[in-house]
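Student: Just passing along the structure, written as structure tokens.
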Amino acid sequence: MAFVIIPRAVATDRISLWIGAFYCKQPPKTQLLITPSVSFMTLKADKWILINPLGLLPEKEHLHYWQVTQVTGLQPNRLYTATLMRGTQKLASAKFCTLPESLPHLGDSPFNVLLGSCFHLDNDKQGDAGFSFDKLPTGDRPHVKILCGDQVYLDQPTLRIFPDDSLKLARIFLEKYVKSWSQSDAPSVRGYARILKEGANYFASDDHEFWNNYPNWTTLVPNSWTQGGRDRWAGPARELYKIFQNSDPAKRPPRFDVPPLSFLVADCRYNREPGDSEFLSAVQLLRLNDWIDNLNSRKWCGFLCLGQPIFEHPASWFARRFADRSLPDYSQYRDLVKILAKLRQPLTILTGDVHFGRVARCQQLNRSDLFEIISSPLSLVNPLVGGKAKHPPATYPAEAIPGTSRVGIDVVKTLDGDLAMTPVEHFLTINFWSKGPSVRLRLKYWPVRTKGEAPKPIHKTLVDMVRRP
């Protein structure tokens, strides 16, 4: 048996905990201990939900269970430990920090966010990502983690011929999730699970939660060549994404606030339509528009998580059919650009997908700053698709959109005067402080492959976001 606790949505006074019980015929009677409040919560047996995507798996294969528990009555900006107990036996643990009521002032301990994407378990069986995360300095440990796509690679290995059968695919996909969510060594120190179990997690999907170029067909996955094959693959993949990562990806985008900051996680892969039309549902687009209006009225800084960059060219004819479409390939991209242009305060896009890190900036026509921060990959899927950091297009948007103006894009400089770009495997931490009318960000890209040494930042960057009166 294996057990995991994954902190999920967090606020100043509560947290949602995702608890998994793997490789067991029936979950045992357990209690949840929350410290330092020293409170026990009995996990009711009837709250465990069988992980059985679309009811496909036969009864003899009922081995994995999950449930979500809400913990309330917590104090703001306080570190807690959740421990899953069976009697006096410790089965699993996790750490989390509640949100502060407002952004700390410069000189105080910062509010910290980790950004990462693209973790391929088969290229990190030794747990380098978890080891590097484990050795982060105390001052950089995250309150919140935003994992913005490709947390699993369901369509790998590339040359594998997958069965064209939903039941068999459900078995394969479920095992990939369980192995990633519980990856650790005996003391539970290393592995991807080490990252997941400290700090609240907010997830967005990208194509490899399904298949490369989802929901459109791709050359390398024969299952995607027909509508029936795509349906048989997508069914269990979409259900497992909802179980493990985001229970309601089509409707209300997850949001959390640390005044004067607001974060919104919009899933632009799960909601993507076949063809070149939409990547967000109508409900999500409406809520995004309302969120922008709310930032303007409150004069807050916004942080929008998307699965792919917006500082990007449309994909080439070849890439659109044999690799993956980018957001500018979709007609809805024009709507997104127009909505973002309404903002009168600084806005930052948090994203991944492209297998390099980069910090870039432009100033929209109304003089509001638009930043884009990319963090990718945690564990590179294949050397053929990495190893080089790419400059953004000369302008945003890269191609003319009626009713909008194109503005120049610059890559932000690091503290050493270099361009804030990196091609190596990494994750990113952002320290936030309030600085008078501004918000200060300190960005650090941390290497994953450290050969057993504590990580040292690849580079550091300071950004001041000036709120407009």
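The values are calculated or read from the model by the stated rules, or taken from the named source; none is laboratory data. What you see is a predicted model, and the numbers here were worked out from it, not measured in a lab. In this analysis, Cβ positions are derived from the backbone assuming ideal geometry, glycine residues included, and neighbour counts consider all displayed protein chains.
Student: In the range 1-49, how many residues are in contact with a Leu (Cβ under 7 Å, 6 or more places away or on another chain), in a loop (DSSP other than H, G, I, E, B) and more than 28 Å from residue 171 (Cα to Cα)?
Tutor: 4
Student: Could you tell me whether any residue of the range 246-266 is over 27 Å from residue 357 (Cβ atoms) and among the aliphatic types (A, V, I, L, M)?
Tutor: Among the residues of the range 246-266, at least one is over 27 Å from residue 357 (Cβ atoms) and among the aliphatic types (A, V, I, L, M), which makes the answer yes.
Student: Just checking, which of 425, 453 is touching a strand residue (DSSP E or B) at 6+ places or on another chain (Cβ under 9 Å), among the acidic types (Asp, Glu) and within 21 Å of residue 142 (Cα to Cα)?
Tutor: None of the others qualify; the one that does is 425.
Student: Can you name every residue in the range 441-466 that is farther than 25 Å from residue 355 by Cβ and surrounded by 18 or more Cβ atoms within 10 Å (Cβ to Cβ)?
Tutor: Correct list: 465 only.
Student: In addition: Mind counting the residues in the range 32-66 that are at pLDDT 85 or above and of a type in the set (D, E, K, R)?
Tutor: 1
Student: Taking residue 133 as meeting all but one of (1) assigned to a loop (DSSP other than H, G, I, E, B); (2) over 23 Å from residue 21 (Cα atoms); (3) touching a residue at least 12 places away in the same chain (Cβ under 8 Å), write down the number of the exception.
Tutor: (1)
Student: Does residue 99 satisfy the condition of being of a type in the set (A, V, I, L, M), assigned to a loop (DSSP other than H, G, I, E, B) and surrounded by 14 or more Cβ atoms within 10 Å (Cβ to Cβ)?
Tutor: yes
Student: I'm checking my understanding of the structure. Among residues of the range 404-457 that are farther than 17 Å from residue 392 by Cβ, basic (Lys, Arg) and assigned to a strand (DSSP E or B), which one is farthest from the chain's Cα centre (by Cα)?
Tutor: Out of the qualifying residues, it is 435.
Student: Which one of these is closer than 29 Å to residue 155 by Cα and in contact with a His (Cβ under 8 Å, 6 or more places away or on another chain): 331, 375?
Tutor: 375
Student: Name the residue that is surrounded by the fewest Cβ atoms within 10 Å (Cβ to Cβ), counting only residues in the range 377-397 that are touching a residue at least 60 places away in the same chain (Cβ under 8 Å) and farther than 27 Å from residue 300 by Cα.
Tutor: The selected residue is 382.
Student: Can residue 279 be described as farther than 26 Å from residue 10 by Cβ and in contact (Cβ under 8 Å) with a residue 12 or more places away in the chain?
Tutor: Against the criterion (farther than 26 Å from residue 10 by Cβ and in contact (Cβ under 8 Å) with a residue 12 or more places away in the chain), residue 279 qualifies.
Student: If you go through the range 70-81 one residue at a time, do you hit one that is in contact (Cβ under 8 Å) with a residue 40 or more places away in the chain, assigned to a strand (DSSP E or B), touching a His at 6+ places or on another chain (Cβ under 6 Å) and of a type in the set (Phe, Trp, Tyr)?
Tutor: no
Student: Could you run through the range 326-374 and say how many residues are in contact with a strand residue (DSSP E or B) (Cβ under 9 Å, 6 or more places away or on another chain) and hydroxyl-bearing (Ser, Thr, Tyr)?
Tutor: Number of matching residues: 3.
Student: Which residues, taken from the range 403-421, are surrounded by fewer than 16 Cβ atoms within 10 Å (Cβ to Cβ) and closer than 15 Å to residue 458 by Cβ?
Tutor: Answer for the range 403-421, where residues must be surrounded by fewer than 16 Cβ atoms within 10 Å (Cβ to Cβ) and closer than 15 Å to residue 458 by Cβ: 413, 415, 416, 417, 418.
So that you can scan it fast, the table gives a plain yes or no per residue for (1) of a type outside the set (Ser, Thr, Tyr); (2) modelled with pLDDT under 95:
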| position | (1), (2) |
| --- | --- |
| 92 | yes, yes |
| 99 | yes, no |
| 117 | no, no |
| 120 | yes, no |
| 129 | yes, no |
| 164 | yes, no |
| 183 | yes, yes |
| 186 | yes, yes |
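Student: OK, next. Of everything in the range 224-254, what is among the polar types (S, T, N, Q) and either within 20 Å of residue 150 (Cα to Cα) or touching a residue at least 40 places away in the same chain (Cβ under 8 Å) (or both)? Give them in sequence order.
Tutor: Listed by number, the residues that qualify are 224, 245, 246, 247.
Student: Here's another thing I want to ask about it. Considering 133, 111, 119, which residue is over 14 Å from the mean Cα position of the chain (by Cα), aromatic (Phe, Trp, Tyr) and farther than 20 Å from residue 10 by Cα?
Tutor: 133
Student: From the list 334, 367, 344, 361, which one is in a helix (DSSP H, G or I) and over 19 Å from the mean Cα position of the chain (by Cα)?
Tutor: Residue meeting the stated conditions: 334.
Student: Further question: Cβ contacts < 7 Å: first residue within 13 Å of residue 19 (Cβ to Cβ), restricted to the range 90-103; second residue in a strand (DSSP E or B) and among the charged types (D, E, K, R), any location; separation 6+ or different chain. Result?
Tutor: Once the first residue is within 13 Å of residue 19 (Cβ to Cβ) and sits in the range 90-103, its partners that are in a strand (DSSP E or B) and among the charged types (D, E, K, R) give 94/198.
Each row is one residue, and each column tells you yes or no for (1) surrounded by fewer than 20 Cβ atoms within 10 Å (Cβ to Cβ); (2) under 15 Å from the mean Cα position of the chain (by Cα); (3) among the charged types (D, E, K, R).
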position	(1), (2), (3)
203	no, yes, no
213	no, no, no
222	yes, no, no
253	no, yes, no
264	no, yes, no
275	yes, no, no
